[in-house]
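Take a look at the structure set out below.
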Amino acid sequence: MVPGATLGMRVNRHRTEQYVVLAGEARVTRGGDVFRVGPNSSVFVPFGVPHRVENAGGATLSVLEVQVGSRFEEDDFQAA
């Protein structure tokens, strides 16, 4: 993600997500909590919890998104 980029707030109904930062610095909003996450750190998002990922740094953000659940189609999430 380029500096300043944001993925919109969303809620997954059938899958959990783990965001692992590989490079850069992320700001992850999970429910009412906000986390700053650097390289080799991660944030877990249970299904049903509103969340978003933002590039909080001045360099490119590289994130590995791990999904676990019963459905992985794009219609599994809704805007929050």
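General remarks:
- Extension gain from residue 42 to residue 9, taking 0.36 nm per residue of separation minus the Cα-Cα distance: 10.1 nm
- For the chain, accessible area per residue (1.4 Å probe, heavy atoms of protein chains only), Å²: 55 Å²
- Estimated from the Cβ-Cβ distance and a Förster radius of 25 angstrom, the FRET efficiency linking residue 70 and residue 27 is about 0.30.
- Distant-in-sequence amide H partners of residue 63 (H built 1.01 Å from N, under 5 Å): 22
- Computed over neighbours whose Cβ is under 12 Å from that of residue 35, the net charge equals +1, Lys and Arg +1, Asp and Glu -1.
- Across segment 1-51, C-alpha contacts under 8 Å between residues 6 or more apart give a mean separation that, scaled by the residue count, equals a relative contact order of 43 percent.
- Hz values of 3J(HN,Hα) by residue in segment 6-21 - Karplus curve (6.51, -1.76, 1.60), Gly and Pro given as x: 9, 8, x, 4, 8, 10, 9, 8, 10, 8, 9, 9, 10, 9, 10, 7
- Phi angles of segment 33-49 translate, via the Karplus equation with coefficients 6.51, -1.76, 1.60 and θ = phi - 60°, into HN-Hα couplings of 9, 10, 10, 9, 10, x, x, 6, 10, 8, 9, 9, 10, x, 5, x, 9 Hz per residue; Gly and Pro are given as x.
- Across segment 60-67, rounded Karplus estimates of 3J(HN,Hα) from the backbone phi angles (6.51 cos²θ - 1.76 cosθ + 1.60, θ = phi - 60°) give 4, 9, 10, 10, 9, 9, 9, 10 Hz, Gly and Pro being marked x.
The values are calculated or read from the model by the stated rules, or taken from the named source; none is laboratory data. From a predicted model like this one, the values you see are computed outputs, not experimental measurements. A quick note on method: Cβ atoms are made from the backbone with ideal geometry, for glycine too, and the neighbour counts reach across all protein chains shown. The area values use the complete protein model at the heavy-atom level, side chains included, leaving out ligands, DNA and RNA. Shrake-Rupley method; radii C 1.70, N 1.55, O 1.52, S 1.80 Å.
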